[in-house]
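Take a look at the structure set out below.
The values are calculated or read from the model by the stated rules, or taken from the named source; none is laboratory data. Note that the coordinates shown come from a computational prediction; the quantities given were computed from them, not determined experimentally. Virtual Cβ from ideal backbone geometry, glycine too; neighbours counted across all protein chains shown. We work out accessible area using only protein heavy atoms, side chains counted, and drop any ligands, DNA or RNA first. Shrake-Rupley method; radii C 1.70, N 1.55, O 1.52, S 1.80 Å.
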Amino acid sequence: MLSGGFVGRDIASIRLPQWGRVVEAEGVVRWLVVDPDGNPVEPVHRFLRDFVARGNRAGSVRSYAYGLLRWWRWLEAVGVDWDKATSTEVRDFVLWLGQASKPRTSPRTASAARAGTVNAVTRKRYLGDQYEPRTVRHGNAVLRSFYEYWIELGGGPLVNPVVLDRRGRRPNEHHNPLTPFRPEGKIRYNPRVPRRAPRAMPDERWNELFAGLRSDRDRAILALGISNGARASELLGVRGCDLDWGEQLVRVSRKGTGAEQWLPASPEAFVWIRLYLAELDPLEPHEPLWWTLRRRDHGDGLRRQPMNYEALRAVFRRVNTLLGTNYSMHDLRHTAALRMSRDESLSMRDVQTILGHAHLSTTADVYLVEDEAQVIRRVQQHLIEREHRAGQSPPPAAVGYDAGDLSVLFGGAPQ
């Protein structure tokens, strides 16, 4: 017990109950949080309905649903109603996430020894069993948005439990009366995220990765990804009518905005697409371009299914096991972006356009970085040259000069 009679929760001893679940549903809201009886959680359902109406995609709805399910389980564990939550519950929740292990549907097998370690080939860290700082920050953003919605309706707590840290400033200090009020400050209990520079995949590693692929479909989609840096979700959404064979362009629907954009692709990528399509039955123009290689029966006979993100992850899982690496589709995006940013014939505005960043500063901050491998080589060369200079004897003093006087003037042992 602390001064003032405050009793802190024993964070380490709290175990979240397996309360409720997230389910896919038909209708406007594609993902729902349901209670143990299978009934939708009404506060969450109403918020997600509003969230969909604001133009957010199904993937974002699913992500928010899981964030709110985790919060509901926390409230069940600490015995607090959702509309009675305070900043204390949010603070303790963040502390709990910082030391808890993520729940798993099945125990780790071969990956147990690698969890949280750094791959010797790629120098990338494997995901560990704890919650990442980005996951905690995303969860805080979800909760703040959820409570902002209910406070606006007058149905939640009087004060948003996810408080902002204004660092001593008054709210809306120096506000222009002609502009609308905007939230100020950062979320107080957001953990810091270490900034990691993106790494380009070396050409020899890319050749090994490409050689390890099993099918023309896999070669086609990875060749597209490394040629224009499109995101995995954007490439998986490509249809037959989104290919311009004459100009060698591919049309994608941008993540977030949904805007359609034509992107260039390498001739090699279109060669692999042609080889892949030769193995399939003719596709209708508006059908998805990417399909599973195996036929499965989902009630309408054996048929190929549209390729999804889990199938793409399986492609990388197989080749990573073969090579002892931990590459992902996003590594291809980083590689394409760094290649373009280091090409003197391309401007940073060109790179921003291809990557689909809303702001030029995002592209510049992420990809205007020194190649770490080249920096290491230059420093190693510097150390070798320094060692070489240290081992050489200084030249003798010229005729007419006293070596002792020179050593006092310039330092060093007299010659």
ask   = Which condition breaks for Met348 when tested against (1) surrounded by 12 or more Cβ atoms within 10 Å (Cβ to Cβ); (2) within 18 Å of the chain's Cα centre (by Cα)?
value = (2)
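Tell me, please, whether a residue that is assigned to a helix (DSSP H, G or I) and not aromatic (Phe, Trp, Tyr) can be found in segment 114-129.
no
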note = The helices (runs of 4 or more DSSP H) lying wholly within segment 192-249 that contain at least 3 residues that are within 24 Å of Glu284 (Cα to Cα) are 216-228, 232-236
message = I'd like the residue in segment 387-408 that is surrounded by 10 or more Cβ atoms within 10 Å (Cβ to Cβ) and either at pLDDT below 70 or not in a loop (DSSP other than H, G, I, E, B) (or both) and, out of all such residues, is nearest to the chain's Cα centre (by Cα).
response = Pro394
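Within segment 91-109, is even one residue of a type in the set (S, T, N, Q), under 22 Å from Val162 (Cβ atoms) and in contact (Cβ under 8 Å) with a residue 40 or more places away in the chain? Write out each step before concluding.
So in segment 91-109, the residues of a type in the set (S, T, N, Q) come out as 99, 101, 105-106, 109.
So of that shortlist, the ones also under 22 Å from Val162 (Cβ atoms) come out as 99.
Those left that are additionally in contact (Cβ under 8 Å) with a residue 40 or more places away in the chain: 99.
Yes - at least one qualifying residue is present in segment 91-109.
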query = What number of residues in segment 342-386 are assigned to a helix (DSSP H, G or I), over 23 Å from Ala265 (Cα atoms) and among the aliphatic types (A, V, I, L, M)?
reply = 6
inquiry  = Looking only at segment 266-283, filter to residues that are part of a loop (DSSP other than H, G, I, E, B) and charged (D, E, K, R); which one of those is surrounded by the most Cβ atoms within 10 Å (Cβ to Cβ)?
reply    = Glu279
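Considering only residues that are of a type in the set (Lys, Arg) and surrounded by fewer than 11 Cβ atoms within 10 Å (Cβ to Cβ), which ones fall in segment 14-27?
First pass over segment 14-27, keeping only residues of a type in the set (Lys, Arg): 15, 21.
Once the filter is applied, which keeps residues that are of a type in the set (Lys, Arg) and surrounded by fewer than 11 Cβ atoms within 10 Å (Cβ to Cβ), segment 14-27 yields only Arg15.
Suppose the filter is of a type outside the set (Gly, Ala, Ser), open to solvent by 40 Å² or more (accessible area, probe 1.4 Å) and closer than 30 Å to Ser111 by Cα; does Arg333 pass it?
no
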Candidate set: segment 147-202, residues that are at pLDDT 90 or above and among the polar types (S, T, N, Q); chosen: the one most open to solvent (accessible area, probe 1.4 Å) = Asn190
ask   = Arg231: surrounded by 13 or more Cβ atoms within 10 Å (Cβ to Cβ), basic (Lys, Arg), at pLDDT 90 or above and touching a Lys or Arg at 6+ places or on another chain (Cβ under 7 Å), yes or no?
value = yes
query = How about segment 1-25: which of its residues are modelled with pLDDT under 90 and not hydrophobic (A, V, I, L, M, F, W, C)?
reply = Ser3, Gly4, Gly5, Gly8, Arg9
task = Considering only residues that are among the acidic types (Asp, Glu) and under 20 Å from Asn140 (Cβ atoms), look in segment 28-80 and name the one that is most open to solvent (accessible area, probe 1.4 Å).
result = Glu76
request  = Could you list all residues from segment 294-322 that are surrounded by 17 or more Cβ atoms within 10 Å (Cβ to Cβ), in contact (Cβ under 8 Å) with a residue 24 or more places away in the chain and over 18 Å from Leu236 (Cα atoms)?
outcome  = Val319
query = Condition test on Leu263, is it open to solvent by less than 30 Å² (accessible area, probe 1.4 Å) and assigned to a strand (DSSP E or B)?
reply = yes
Residues (open to solvent by less than 60 Å² (accessible area, probe 1.4 Å), out of contact with any strand residue (DSSP E or B) (no Cβ under 8 Å at 6 or more places or on another chain) and modelled with pLDDT under 90) located in segment 109-146 = Ser111, Ala112, Ala115, Gly128
